[in-house]
Structures are given as structure tokens and as C-alpha cells.
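Derivation of every value follows stated rules applied to the coordinates shown; laboratory data play no part. Quick caveat, the model's predicted, so the values are computed rather than measured. FYI the Cβ positions are ideal-geometry reconstructions off the backbone, even for glycines, and counts take in every protein chain you see.
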Amino acid sequence: MSKKETVKARIHHGTNSLDITIPTKMCRDIKINEGDLFTVEVLSDGDNTVLKYTRVFENK
């Protein structure tokens with residue numbers, strides 16, 4: 001399964017980190033819930049950067 005959406009990184013107020021929003025339809029389609037935990041892997045190849053998220057805990 002491959003889905004592509006365009007998202008924007010936004011400032012997380014009060015910190016130096018950024019938030020990336022997962023679109024609502026994608027959350028519904030693949031059942032992402034508040035509290036789910038993910039690992040993130042950075043894959044770089046020249047000018048391309050891929051952030052690969054893997055769910056490690058599903059909050060029911």
C-alpha cells in the first residue's frame with residue numbers, strides 16, 4: 001500500500017521541535033490514533049530525504 005499526501009512541518013510552540021500533521025483521511029484509513037507510538041528513520045540520498053515512520057504501539 002502506498003499513499004502520498006503533501007504535509008507541512010510546523011513549529012511546536014515552546015520547543016525547538018517541529019510537528020508534521022497526518023491528514024485526517026489517512027488517519028481514518030490506516031487507523032492511526034492519538035497516543036500511537038512510532039519510530040522514525042531518516043533515509044537520505046543526495047537531495048532527497050525520506051522520513052520512514054513505523055508504528056511500534058497502537059493505542060486502542
All-pairs Cα distance distribution in the chain, expressed in whole percent, bin size 10 Å: 17, 49, 31, 3
Distance between modelled label sites at residue 29 and residue 45, nm, 7 Å Cα→Cβ extension: 2.2
Pairwise FRET efficiency - residue 20 versus residue 59, Cβ, R0 = 22 Å, nearest 0.05: 0.75
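Express the relative contact order of the chain as a whole percentage, based on alpha carbon pairs under 8 Å and six or more residues apart in sequence. Let's see the in-between values first.
Working: 62 pairs, mean separation 14.1, N = 60.
Averaging sequence separation for qualifying contacts and normalising by length gives 24 percent for the chain.
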Proximal charge balance of residue 18 [Cβ under 10 Å; K/R count +1, D/E count -1]: +1
Under the Karplus curve 6.51 cos²θ - 1.76 cosθ + 1.60, θ = phi - 60°, whole-Hz ³J(HN,Hα) for the stretch 41-48, x wherever Gly or Pro sits: 10, 9, 10, 10, 9, x, 8, 9
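Work out the FRET efficiency for residue 37 and residue 8 from their Cβ-Cβ distance, taking R0 = 25 Å, and round it to the nearest 0.05.
Details: r = 23 Å, r/R0 = 0.91.
Result of the calculation: an efficiency of 0.65.
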Mean ellipticity per residue at 222 nm, deg cm²/dmol - from DSSP H runs of n ≥ 4 across the chain, formula -39500 (n - 2.57): -3000 deg cm²/dmol
